[in-house]
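K.L.:
Structure incoming, see below.
No lab work stands behind these numbers, since they all come straight from the coordinates. Predicted model only: the values in this text are computed from it and were never measured. Because the Cβ atoms are built from the backbone with ideal geometry, glycine has one as well, and the counts that use them run over all protein chains shown.
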Amino acid sequence: MGIGRNFAVVCASNQNRSMEAHHVLTKYGFKVKSYGTGSAVRLPGPSLDRPNIYPFGTPYDFMFNDLYEKDVKLYKQNGLLDMLDRNRKIKLAPEQWYTEANETFDVIITCEERCFDAICEDLTDRGEHKNKPVHVINIDIKDNHEDAMIGGRAILQLAQMIDNEQVADLDEAITGILQEWQEKYKYDILHSVAYF
């Protein structure tokens, strides 16, 4: 049983990778929130140059119904309807990190390097008013359904190693935890300590 550390998982649009991790971590009882760092939510469209774009805060249910009406066959086949159905069972809408992440976390896990950079920069810009450390960890996960599922399980394993009663001092233990985890999962990772 864990000790209750607060986790955040972040990708660009708060749709696929971060929501798969959110789903898995919630299922196992972790305290977790998820966010996106993009300027808008972008989902594949009928062609590469015609994505479906929604503002953050647009309910997953609305996106599901919108894509269902546009082309149920296409969006069922490419997995978007299944993904949005999962998402709407977890929370109302995708949340943007910059505008909606108002609480502090013990660990923030990002799913691509540009999100890691954005989170680290934002935390620096916010200032260190609470003097509360946060471990920001990046795990590069390809943005497709299969890799998101594999990545979600890998993030679960990492969260279980971090939120462990035997880890009293996370600051002291994190390097060893990341090394042990990386030996098993072989992802490229980045790690930084920032402050709230």
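K.L.:
Between helix 113-126 and the chain, what is the angle of the helix's C-alpha long axis to the longest principal axis, kept within 0 to 90° and rounded to the nearest 10?
P.N.:
60 degrees
K.L.:
For the chain, what is the calculated [θ] at 222 nm in deg cm²/dmol (nearest 500), taking -39500 (n - 2.57) for each run of four or more DSSP H residues and dividing by its residue count? Let's see the in-between values first.
P.N.:
Numbers: 7 runs with 90 residues, N = 196.
Mean residue ellipticity, 222 nm, calculated: -14500 deg cm²/dmol.
K.L.:
In debye to the nearest 20, how big a dipole does segment 42-88 give about its Cα centre with +1 on each Lys and Arg Cβ and -1 on each Asp and Glu Cβ?
P.N.:
100 debye
K.L.:
Name every cysteine in the chain that ends up alone, with no second cysteine's Cβ under 4.7 Å, or say none.
P.N.:
Cys115, Cys120
K.L.:
A follow-up question, please. Would you grab the residues whose amide H sits under 5 Å from the one on Ile109? Only those 5+ places off in sequence or on another chain, please, with H modelled 1.01 Å from N.
P.N.:
Here the answer is Ala8, Val9, Val10, Ile137, since their amide H atoms fall under 5 Å of that of Ile109.
K.L.:
Then there is this: So, by mean Cβ neighbours within 10 angstrom, what's the order for 94-105, 109-120 with the highest one leading?
P.N.:
On the way: 94-105: 16.8, 109-120: 21.7.
For the peptides 94-105, 109-120, the packing ranking is 109-120, 94-105.
K.L.:
Over the chain, what is the mean sequence separation of C-alpha contacts under 8 Å (at least six apart), divided by residue count, expressed as relative contact order in percent?
P.N.:
Working: 331 pairs, mean separation 53.7, N = 196.
27 percent.
K.L.:
Sticking with this one: Over 21 Å, how big is the tail of the calculated P(r) for segment 98-196, in percent of all Cα pairs? Please list the in-between numbers first.
P.N.:
Working: 1688 of 4851 pairs.
Taking all Cα-Cα pairs of segment 98-196, the fraction more than 21 Å apart is 35 percent.
K.L.:
Per the Kirkwood formula on distinct C-alpha pairs, the Rh of segment 42-88 is how many angstrom?
P.N.:
Values: mean 1/r = 0.0941 Å⁻¹.
For segment 42-88, inverting the mean 1/r across all distinct Cα pairs yields 10.6 Å.
K.L.:
Positive end of the charge dipole of the chain (Lys, Arg +1 and Asp, Glu -1 on Cβ, about the Cα centre): tell me which of Leu156, Cys115, Tyr28 has its Cα farthest that way.
P.N.:
The Cα lying farthest towards the positive end belongs to Tyr28.
K.L.:
While we're here: Which lysines does Lys27 reach when only Cα atoms under 28 Å apart count, and residues fewer than 8 places away in its own chain are ignored?
P.N.:
Those lysines meeting the cut-off are Lys76, Lys89, Lys91, Lys132, Lys142, Lys184, Lys186.
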